[in-house]
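S.K.: Here you go, one structure.
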Amino acid sequence: MPSAETIGLVAAVTVASAVEVVEALTIVLAMGITRGWRSALAGALVALVALAALTLAAGLSLGAYVSESLLQFVIGALLLVFGLQWLRKAMLRSAGLKAIHDEDRIFAEEREAARAAASRRRFGIDGFGFVVAFKGVLLEGVEVIFIVITFGIGAANRGVPHAMALAAAGAAVAALVVVAAGAVLRRPLAMVPENAMKYAVALLLSSFGLFWVVEGIGFFGPAGESLQWPGGTAALPVILLVWIVVSQATVALLRGLGRGRREGIAP
Amino acid sequence: MSWARAIFRFFYDLVIGDSWPVAAGVGAILAAGVAGLRLGAAPGAALAVALGAAVIVALPAIVLAEARAALTRDRD
């Protein structure tokens, strides 16, 4: 029976990666349809190669040069800040104070920009389509790698078996499913409940981040040992539950504040 | 130089994002936690709960303050 931490690790990485791949797919589809598939796929492929090199370099250097407890603190802090940013946006969206993420609208904007851009071809590749697809896949891909590495190393330090492999597998499954769906439909995956998924990921990132960073803060104490939450790992689902309750209460308060003023107050 | 700026911008967006008070708030709470730990202010488990509670209270406080400020600006 997998532990709560293992299930949480795989779920968080899979859902978070799916959200990022949906965003990258929208850009590649827009470029493929308007500027040609050869340029869009070449840009995406070169970005994937760059991402593979980045993952290898980051994984090797983190494992070799950073102490375990400090790593727990740094990873926890990054996950927490990253997760809180997502949670803040999710609460504002739920309260109607920030525009809902709309893949159809983003796709239309990318497609119009691509149609308006001048065509400069080299070696049979359209420069605009290549660069935009490359940047889209690279930027969203770095976020996936950030999530895989931080969750993988953090869970490995807590003794979760094959944590890095599980994290990478979660991301790979998410990418395969999303890309396969995009290839069949040839349109952005607007029906994916992206905003609900982002809220779920934000809750998981914030819970794991808070759990790990508080443990890792023990690195700075006189003994240099991790702090212990009451109940150990059992504290993790409790933290998640508290985040759910607090975020829902905040959304209710925000709705009260924003009554009569629906959208666009937040960046 | 433009690559360095782009990389800085990317990580700034990733970690700080649209709301620097969230990152600053977390930084302040963690700094207080380190100070509390070094001073032996509380047993480890109590300090862990106190830090967790501080972060969980800080986020809604910051978001609500930002929303109030934005709505006030909007009305003026």
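The values are calculated or read from the model by the stated rules, or taken from the named source; none is laboratory data. Every value quoted in this text rests on a predicted model; they were computed, and no experiment measured them. Positions of Cβ are backbone-derived with ideal geometry, glycine not excepted, and every protein chain shown enters the neighbour counts.
S.K.: With respect to residue A:260, is the statement that it is within 19 Å of residue A:72 (Cβ to Cβ) and either in contact with an Asp or Glu (Cβ under 6 Å, 6 or more places away or on another chain) or modelled with pLDDT under 80 (or both) true?
M.R.: Values: within 19 Å of residue A:72 (Cβ to Cβ): no; either in contact with an Asp or Glu (Cβ under 6 Å, 6 or more places away or on another chain) or modelled with pLDDT under 80 (or both): yes.
The answer is no for residue A:260.
S.K.: Okay, next question. Quickly run through region B:2-23 and pick out the residues that are within 15 Å of residue B:65 (Cα to Cα) and among the aromatic types (Phe, Trp, Tyr).
M.R.: B:20
S.K.: Report, by residue number, each residue of region B:13-25 that is in a helix (DSSP H, G or I) and at pLDDT 80 or above.
M.R.: Kept after step one, since they are in a helix (DSSP H, G or I), are these residues of region B:13-25: B:13-15, B:20-25.
Within region B:13-25, B:20, B:21, B:22, B:23, B:24, B:25 meet the criteria.
S.K.: Among the numbered criteria (1) modelled with pLDDT of 80 or more; (2) of a type in the set (Ser, Thr, Tyr); (3) not in a helix (DSSP H, G or I), which one does residue A:226 miss?
M.R.: Against the list (1) modelled with pLDDT of 80 or more; (2) of a type in the set (Ser, Thr, Tyr); (3) not in a helix (DSSP H, G or I), residue A:226 comes up short only on (1).
S.K.: Between a residue in region A:173-185 that is free of Cβ contacts under 8 Å to residues at least 60 places away in the same chain and any residue that is surrounded by 16 or more Cβ atoms within 10 Å (Cβ to Cβ) and of a type in the set (Lys, Arg), which pairs come within a Cβ distance under 9 Å, given they are 6 or more apart or on different chains?
M.R.: If the second residue must be surrounded by 16 or more Cβ atoms within 10 Å (Cβ to Cβ) and of a type in the set (Lys, Arg), no pairs are left.
S.K.: Hey, another quick one. Does residue B:59 qualify as being within 22 Å of residue A:76 (Cβ to Cβ), facing another protein chain (nearest Cβ under 9 Å) and not polar (S, T, N, Q)? Lay out the reasoning, then the answer.
M.R.: Numbers: within 22 Å of residue A:76 (Cβ to Cβ): yes; facing another protein chain (nearest Cβ under 9 Å): yes; not polar (S, T, N, Q): yes.
Here the answer is yes, as residue B:59 does meet what is asked.
S.K.: Considering each of B:4, B:28, B:35 in turn, give the residue that is within 25 Å of residue A:246 (Cα to Cα) and either at pLDDT below 80 or in a helix (DSSP H, G or I) (or both). Talk me through it step by step, then tell me what you get.
M.R.: Details: B:4 fails: within 25 Å of residue A:246 (Cα to Cα); B:35 fails: within 25 Å of residue A:246 (Cα to Cα).
It is B:28.
S.K.: Being in contact with a Gly (Cβ under 6 Å, 6 or more places away or on another chain) and among the hydrophobic types (A, V, I, L, M, F, W, C) is the requirement here; does residue A:133 meet it? Before the answer, list the steps.
M.R.: On the way: in contact with a Gly (Cβ under 6 Å, 6 or more places away or on another chain): yes; among the hydrophobic types (A, V, I, L, M, F, W, C): yes.
Answer is yes for this residue.
S.K.: If you don't mind, there's one more thing I want to ask. For region A:202-234, give me each residue that is surrounded by 17 or more Cβ atoms within 10 Å (Cβ to Cβ) and polar (S, T, N, Q).
M.R.: The answer is A:206, A:207, A:226.
S.K.: More than 19 Å from residue A:79 (Cα to Cα) and in contact with a Pro (Cβ under 9 Å, 6 or more places away or on another chain): is that true of residue B:40 in this structure? Before you say what the answer is, go through the steps one by one.
M.R.: Working: more than 19 Å from residue A:79 (Cα to Cα): yes; in contact with a Pro (Cβ under 9 Å, 6 or more places away or on another chain): yes.
The answer is yes for residue B:40.
S.K.: Next question. Look through A:132, A:177, A:173 and report the one residue that is at pLDDT 80 or above and surrounded by 20 or more Cβ atoms within 10 Å (Cβ to Cβ). Outline the logic, then answer.
M.R.: On the way: A:177 fails: surrounded by 20 or more Cβ atoms within 10 Å (Cβ to Cβ); A:173 fails: surrounded by 20 or more Cβ atoms within 10 Å (Cβ to Cβ).
It is A:132.
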